[in-house]
Amino acid sequence: MSSLITDLLHQAGGTAVIDGGLATELERHGADLNDPLWSAKCLFSSPHLIRQVHLDYLENGADIIITASYQATIQGFKTKGFSEEECEALLRKSVEIACEARDVYYQRCAGCSSGEGVDGRILNHRRILVAASVGSYGAYLADGSEYSGNYGNAITVETLKDFHRRRVQTLADSGADLLAFETVPNKIEAQAYAQLLEEEDIKIPAWFSFNSKDGINVVSGDSVLECGSIAESCNKVVAVGINCTPPRFIHDLIVLLKKVTTKPIVIYPNSGETYDADRKEWVQNTGVTDEDYVSYVNKWCELGASLVGGCCRTTPATIKGIYRTLSTSQSSRRPMSKAI
Ligand SMILES: [Zn+2]
């Protein structure tokens with residue numbers, strides 16, 4: 001299972017690029033995400049916008065695109081009146097849309113001999129992975145609890161496994177290359193995911209990505225070392241890391257993760273802006289510029305990160321900056337041609 005990421009990293013010269021924020025880009029394209037389903041609403045309201053955002057990220061250098069299923073849950077879709085079969089079809093659709101974007105991208109690469117489109121688009125035929133996003137239970141609650149990690153005493157590992165089971169099975173059989181368990185806010189949910197992957201004998205690999213608001217612990221206060229160890233001990237997990245966390249905390253978190261894992265480290269922070277969970281919106285102008293963000297990237301890679309991208313409020317411009325800086329620092333990687 002580990003060969004998937006190993007092969008990708010080999011192809012990319014040691015470091016691969018993940019895409020950037022999906023929901024914030026959908027909004028920029030005019031989508032209305034004011035809904036408990038957030039970006040998953042677009043799976044039935046405007047799938048063409050999701051396809052466009054995936055394509056934008058591919059044309060800005062992403063090697064891995066993450067599907068619009070972060071907040072897509074069977075339980076959440078049912079509240080909108082969908083049947084069980086329709087809910088599962090919507091989950092599969094998130095992967096189909098990403099695969100369609102990849103197909104369109106490959107067609108565009110085939111029509112371009114230089115590796116670069118007229119307006120600076122990167123049309124470099126390379127292996128691209130589709131990662132099916134699995135957001136946390138807190139993301140389904142849509143009450144900001146994926147940023148507190150506080151699920152209350154009634155929630156157990158068993159509850160969380162039951163909550164995620166059918167969705168994980170469906171996404172694993174959808175044609176995705178891997179599962180991205182994202183914004184994991186606490187230890188209990190990491191345990192649930194690890195057990196679920198084993199119990200259901202999930203056939204595609206996964207990464208676990210935690211979030212932190214202090215550079216020491218995950219957002220619940222559970223230790224990053226403990227959370228990373230859970231990921232390390234699960235054979236189905238092929239990478240472990242941090243997402244949706246301000247860039248300033250990433251350095252220390254990589255150092256901590258390196259103490260407990262030998263697996264590739266995945267890093268896709270947010271822009272550093274503050275999220276107001278009560279108002280359900282990002283507070284403007286509290287983050288870092290694209291230039292500052294990209295300036296961190298080489299340091300993260302020196303420390304051991306090997307998959308780097310962006311989460312909320314990062315854009316195709318951020319991802320292109322990451323692609324460019326990694327291309328410059330590793331002259332052997334990705335020649336600007338479609339030779340692969
Ligand atoms: Zn995020």
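What the table shows:
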item: Single match in T261, T289 (criterion: crowded, with 21+ Cβ neighbours inside 10 Å and either of a type in the set (S, T, Y) or in contact with a Lys or Arg (Cβ under 7 Å, 6 or more places away or on another chain) (or both)); result: T261
item: For A180: the one exception among (1) of a type in the set (A, V, I, L, M, F, W, C); (2) part of a loop (DSSP other than H, G, I, E, B); (3) within 16 Å of the ligand (Cβ to nearest atom); (4) within 17 Å of the chain's Cα centre (by Cα); result: (2)
item: Residue check for G61: exposed (fewer than 15 other Cβ atoms within 10 Å of the Cβ), touching a helix residue (DSSP H, G or I) at 6+ places or on another chain (Cβ under 7 Å) and not aliphatic (A, V, I, L, M); result: no
item: Residue in the stretch 254-264 that is within 29 Å of R165 (Cβ to Cβ), within 16 Å of the ligand (Cβ to nearest atom), part of a loop (DSSP other than H, G, I, E, B) and modelled with pLDDT of 95 or more present; result: no
item: Residues located in the stretch 214-256, provided they are surrounded by 19 or more Cβ atoms within 10 Å (Cβ to Cβ), touching a residue at least 40 places away in the same chain (Cβ under 8 Å) and over 18 Å from the mean Cα position of the chain (by Cα); result: S220, D222, I230, C234, L256
item: All positions within the stretch 233-249 that are closer than 16 Å to I267 by Cα and either assigned to a strand (DSSP E or B) or more than 13 Å from the ligand (Cβ to nearest atom) (or both); result: V237, V238, A239, V240, G241, I242, N243, R248, F249
item: Some residue of the stretch 10-31 being charged (D, E, K, R) and away from the ligand (no atom under 16 Å from the Cβ); result: no
item: Residue match in the stretch 268-288 (condition: touching a residue at least 24 places away in the same chain (Cβ under 8 Å), more than 13 Å from the ligand (Cβ to nearest atom) and not in a loop (DSSP other than H, G, I, E, B)); result: no
item: Among residues of the stretch 190-210, those that are touching a helix residue (DSSP H, G or I) at 6+ places or on another chain (Cβ under 7 Å) and within 16 Å of the ligand (Cβ to nearest atom), counted; result: 2
item: Number of the exception - P269 against (1) surrounded by fewer than 23 Cβ atoms within 10 Å (Cβ to Cβ); (2) under 15 Å from G21 (Cβ atoms); (3) within 15 Å of the chain's Cα centre (by Cα); result: (1)
item: Wholly enclosed helices (runs of 4 or more DSSP H) of the stretch 1-64 bearing at least 1 residues more than 14 Å from A98 (Cβ to Cβ) and modelled with pLDDT under 95; result: 3-11, 23-28, 42-45
item: All positions within the stretch 7-27 that are touching a Pro at 6+ places or on another chain (Cβ under 8 Å) and either closer than 14 Å to I64 by Cα or polar (S, T, N, Q) (or both); result: L9, G20
item: The stretch 128-162, residues that are modelled with pLDDT of 95 or more and among the charged types (D, E, K, R); result: E158, K161, D162
item: Any hit, the stretch 300-308, residues being aromatic (F, W, Y) and in contact with a Cys (Cβ under 7 Å, 6 or more places away or on another chain); result: no
item: Members of the stretch 289-317 that are in a loop (DSSP other than H, G, I, E, B) and within 16 Å of the ligand (Cβ to nearest atom); result: G309, G310, C311, C312, R313, T314, T315
item: Residue in the stretch 12-46 that is surrounded by the most Cβ atoms within 10 Å (Cβ to Cβ), counting only those that are closer than 21 Å to L179 by Cβ and more than 16 Å from the chain's Cα centre (by Cα); result: C42
item: Evaluation of D162 against (1) within 16 Å of the ligand (Cβ to nearest atom); (2) surrounded by fewer than 17 Cβ atoms within 10 Å (Cβ to Cβ) (one fails), failing number; result: (1)
item: Residue list for the stretch 131-177, restricted to those being over 16 Å from the mean Cα position of the chain (by Cα), acidic (D, E) and not in a helix (DSSP H, G or I); result: D143, D173
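The values are calculated or read from the model by the stated rules, or taken from the named source; none is laboratory data. In this text the structure is predicted, and so the values were computed from the model without any measurement. Ideal geometry is used to build each Cβ from the backbone, glycine not excepted, and the neighbour counts take in all protein chains shown.
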